[in-house]
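Only one structure is covered here, and it is reproduced in the block below.
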Amino acid sequence: MASSEQPRIQWLGRWGFVLAATGSAVGLGNIWKFPYITGEYGGGAFVLVYLACIFVVGVPVMMSEIAFGRRGRGSPIDAIRRVVNESGRSSVWSLLGWMAMLCGFLILSFYVVVAGWSFSYLWKMLTGSLVGTSVDDMAAVFGANNANPLNLGFWSTLVTLITMVIVGKGVQEGIEKNVGWMMPGLVIMLLLLIVFGMFSGGFGDAVRFLFSFNADSLSSEGMLAALGHAFFTLSLASGAILTYGSYLPKGASIGRTSISVAIADTAVALMAGLAIFPVIFANGMNPGEGPGLIFMSLPLAFQAMPLGTLFGILFFVMLSMAALTSSISMVEATVSWLCDNKGFSRRSAAWSTGIVLWLISTAAMLSFNVGADWTLAGKTFFDWLDYITSRWMMPLGGLGTVVLAGFVLKTETFRDELGLAPLPYTLWLAMVRYVSPLGILVIFADALGVYTVTLSVHWPWLLGILVLMGITGELVSPRLRKALTTR
Ligand code: PFF
């Protein structure tokens, strides 16, 4: 096996990896981003494509990433290089690791700004400054929070500092201790908001909005957004899951773990939708409000419910914690690479990364005030960071990962590493060889306007055909059959 020379630290408890991966996956993507992009892309049809992308593309990619990490025992760059070398393939493939590392870093530079919003709303809740704010004033409060660069910069800097302190200390202990109570706490808060939403008068509209399939509302752009968001929400192609996988002990089941993380992540996103949209509809707000959606809607719900201030405080505490457990995972790849290759201590790696990150995130933060007019093709710097990473870098990184796992590596490598029974293994192989790459390519081609078939209407058929083709292809493939019988 191609593992590094020195033993690598591993997760402490049996649940260490599951907790850490769930902590990375569940974050602002579920509670802040999922509702607002669902609102922008019209609801139900977007949600369905997103769910398909999670389970058809996301889970196989996640399994491959964890397998790369555990097999190669290193940062994405080192792990991919070791694993491809083991199959006698070129180290050039480690470029995928470089892209992932860069991607995680770029995501973090706008993520800290959003996490800063969460911290600042926590502060507003604590100081009672939102009490009595009406529906009409919520947008103004959000705007005012952003308008002052010193205020916004303070919060995003605070998030950067806390992230780097935790990363500097080593993620294992911090994460394993905290995610275990924070996740259930977040779920309880969301349930409470959902129950409140049921009595708000907007629940029926919310359910209809989220779950009724209206293909007309889905654009090519929306499909690419759904694909990109599936990668974002599962923390894929950005170094996080692969690096966490590199600390995974042998013997833990990669398949089962990936599916549990995907289910937990999806459940939280759907719950967030069910918590937020009733408030939106009951108050006549616009679901396509954009990035401020949860900050304009949830404080209204907290104002109207008994013990609302207390629940509001608890909610923003948990949201901020969920943001932190994701933030720390985004720099883990860079930090691990600096420590393994450049002789940095964890602490110096964290601080050096933090300084560069602070500079970029400050530029991103300025997009909401003094730099609001610095746009290119109508997008601010903040928008560009989000757009490039979610729409392009992550799907492309995912495509590279499945091509590598499905075609480039020797079949035995991942068959051993995944340790699956023949049938699930065949299913995984069919996914990484045909369904995931073709799914990604078809959505890309659609977004680029390569053909004019209305994919948004016909995609369920296409997906069904792809899955069938992939599975039959793998089942009849003699090479694979041989591989399976010589197991
Ligand atoms: N999955 C996180 C969320 O949904 O908030 C975001 C994220 C974490 C993206 C880690 C990428 C990453 F590497």
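Worth a mention:
- In straight-distance terms, cross-link reach from residue 169 covers every one of the lysines whose alpha-carbon lies under 24 Å from its own, apart from those fewer than eight places away in the same chain; here that gives 177, 342.
- Cβ-placed point charges (K, R +1; D, E -1), dipole of segment 1-151 about Cα centre in debye, nearest 20: 640
- Panel note: the C-alpha atoms of segment 379-447, placed on their principal axes, show extents of 48, 23, 19 Å (largest first).
- Close amide-amide hydrogen proximity is noted between residue 212 and 44, each under 5 Å apart and 5 or more residues distant or on a separate chain (H modeled in the peptide plane; Pro and chain starts excluded).
- Whether segment 221-363 is rounded, prolate or oblate, judged on the alpha carbon gyration tensor where a/c under 1.5 counts as rounded: prolate
- Among 36, 284, 458 the positive-end extreme of the charge dipole of the chain (Cβ point charges): 458
- Across segment 171-215, counting alpha-carbon atoms alone, Rg and Dmax equal 16.2, 46 Å.
- Gap separating the Cα centres of segment 378-396 and segment 98-143, nearest whole Å: 19
- Each stretch of four or more DSSP H residues adds -39500 (n - 2.57); spread over every residue of the chain, this sum gives -23500 deg cm²/dmol at 222 nm.
- Working note: Karplus 6.51/-1.76/1.60 with θ = phi - 60° gives segment 335-343 the couplings 5, 5, 5, 4, 5, 6, 10, 10, x Hz, where Gly and Pro are set to x.
- Debye, to nearest 20: dipole size of the chain, +1 on Lys, Arg Cβ, -1 on Asp, Glu Cβ: 1660
- Zero-based 10 Å bins, Cα pair distances in segment 283-395, whole percents: 11, 26, 33, 22, 7, 1
- The alpha carbon radius of gyration of segment 350-403, expressed as a multiple of 2.2 N^0.38 Å, is 1.40.
- The mean of 1/r over all distinct Cα pairs in the chain, once inverted, gives the Kirkwood hydrodynamic radius of 22.8 Å.
- Sorting 458, 229 from the fewest to the most surrounding beta carbons within 10 angstrom yields 458, 229.
- Within segment 86-209: Cβ-based charge dipole about Cα centre, in debye rounded to nearest 20 (Lys, Arg +1; Asp, Glu -1): 160
- Peptides 265-273, 176-184, 410-418, 20-28 ranked from most to least packed by the mean count of surrounding Cβ atoms within 10 Å: 20-28, 265-273, 410-418, 176-184.
- Considering only 243, 167, 139, the residue lying farthest towards the positive end of the dipole of the chain is 243, judged by Cα position with unit charges set on Cβ.
- Using a simple spin-label model with pseudo-atoms 7 Å out from Cα toward Cβ, residue 345 and residue 213 lie 5.7 nm apart.
- Ranking of 381, 407 by neighbouring Cβ atoms within 10 Å, starting from the fewest: 407, 381.
- Cα-based equivalent ellipsoid of segment 171-267: semi-axis lengths in Å, sorted from largest, via gyration tensor: 31, 22, 11
- 22 Å tail of the calculated P(r), segment 243-320, as % of Cα pairs: 44
- Viscosity 1.306 mPa s, 10 °C: Kirkwood-radius Stokes-Einstein D of segment 95-246 over Cα pairs, µm²/s: 83
- Residue-wise HN-Hα coupling along segment 311-324, computed from phi with Karplus coefficients 6.51, -1.76, 1.60 (Hz; x: Gly, Pro): 5, x, 4, 4, 4, 6, 4, 5, 4, 5, 5, 4, 5, 5
Since every read-out is calculated from the coordinates, none of them should be taken as a lab result. What you are looking at is a predicted structure, and each value in this text was computed from that prediction instead of being measured. Cβ: placed from backbone, ideal geometry, glycine included. Neighbour counts: every protein chain shown.
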